[in-house]
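These notes are about the structure you will find just below.
The values are calculated or read from the model by the stated rules, or taken from the named source; none is laboratory data. Everything quoted here is computed from the prediction, not taken from an experiment. Don't worry about glycine lacking a Cβ; one is built from the backbone with ideal geometry, like all the others, and counts go over all protein chains shown. SASA here: full protein model, heavy atoms, side chains in, ligands and nucleic acids out. Shrake-Rupley method; radii C 1.70, N 1.55, O 1.52, S 1.80 Å.
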Amino acid sequence: MISNKSILDFVVNEGPWESEKDYFQCIEKFICSQFQNSKFSIISTQDLEGKEVDDVASKCRFIRNRENLKGVNPKDLIINVFSSPLFNKFNLSSKNLFSINLGKKSNQQFFAIIESTNLQFESGIEENFAKILNMHYQEAIKVEALKRSSILAHIDDVTGLFNQRRLYIDLENQIKNYNETKNDFAVIFIDIDHFKKVNDGHGHLVGTVLLVEMGNLLKHVLREEDLIYRYGGDEFVLILPDVDSKVAKTIGHRILDSVGKHTFSADKDFKLTVSIGIAVYPEHASKKEEILEMADKMMYAAKESGRGRVCTADELFD
């Protein structure tokens, strides 16, 4: 029997939730832990307010555990939900069902549908149970939205790579990590040679396609733990954790070689080259601004010496 105490324990022990999916999993776990052989599903409909049953039923979607509601007519399901929008107990297609209104998301109404022969509540707490689930579902949606907006604030909207804002945060974290572990890290600055001619001659849409393809090529060449950023325009920055100057230079030449061999495709085929500058922390700098400036300086040195080259801060110090 579901009691106020069991509901409170569920909220305290399982929450807070960071995503809608996580929340659905927890509800299912809670229901199935309370009652043996219970089946749990999620459906979504249009917002019920001011809508006709037929219209809402035609847009009913089974979000989770669709197979549990096999043989149930969506219209019959919506009719029962309409009859008591917060909490309802009904029989349908030889199934003993309960519906709980979880609330709205993007003009859609979400309902938990539970099939159970022994779902029982302490007197008068059914609607209280539904209200608690509804409230915490809305909180899970808010947290998920905040996380998503935070992530998007650090993503370049052209390439899908990290952006300059995220770069400075990660540089700080890499320096903190060095202070704890003494593991060096390298920063690589990459600029596409003569990219302005591409934009001027073929248009910015073609240029955008090539930037996306360059980002994908860098992902393919690097390790999973390496970090890639679009710094701006046709410039990219990489952070390579646990890499010294010698290894960083090897990786720089690997990138140079991969770009040189690759045929980039937009409205026509393109062959591109890049100029690459490399600096290593703490060998070549002691602050995040310095390490980035040093890698940038070496990238310009690569350009000035003929483009399509790799220059490391070792050469400058030598």
Odd one out for D54, checked against (1) within 31 Å of the chain's Cα centre (by Cα); (2) touching a residue at least 12 places away in the same chain (Cβ under 8 Å): (1)
Complete set of residues in region 284-314 that are surrounded by fewer than 18 Cβ atoms within 10 Å (Cβ to Cβ), closer than 15 Å to V187 by Cα and of a type in the set (D, E): E289, E290, E293, D314
Scan (1) acidic (D, E); (2) closer than 30 Å to F35 by Cα; (3) open to solvent by 40 Å² or more (accessible area, probe 1.4 Å) for the single condition D157 breaks and write down its number. (2)
Is it true that some residue in region 243-266 is touching a helix residue (DSSP H, G or I) at 6+ places or on another chain (Cβ under 8 Å), open to solvent by less than 70 Å² (accessible area, probe 1.4 Å), within 19 Å of I155 (Cα to Cα) and not hydroxyl-bearing (S, T, Y)? no
Could you go through region 162-178 and let me know if any residue there is within 16 Å of E235 (Cβ to Cβ) and part of a strand (DSSP E or B). yes
Of the residues in region 21-46, those that are open to solvent by 30 Å² or more (accessible area, probe 1.4 Å) and modelled with pLDDT of 75 or more come to K21, D22, Q25, E28, K29, C32, S33, Q34, N37, K39, Q46
One residue from E127, E139, E180, E122 being open to solvent by 60 Å² or more (accessible area, probe 1.4 Å) and either at pLDDT 90 or above or among the aromatic types (F, W, Y) (or both): E180
Is there a residue being under 33 Å from the mean Cα position of the chain (by Cα), under 17 Å from I141 (Cβ atoms) and open to solvent by less than 30 Å² (accessible area, probe 1.4 Å) anywhere in region 82-100? yes
Can K5 be described as closer than 24 Å to E144 by Cα, open to solvent by 60 Å² or more (accessible area, probe 1.4 Å) and assigned to a helix (DSSP H, G or I)? no
Might you check whether a residue that is more than 20 Å from F24 (Cβ to Cβ), of a type outside the set (S, T, Y) and at pLDDT below 85 occurs anywhere in region 91-113? no
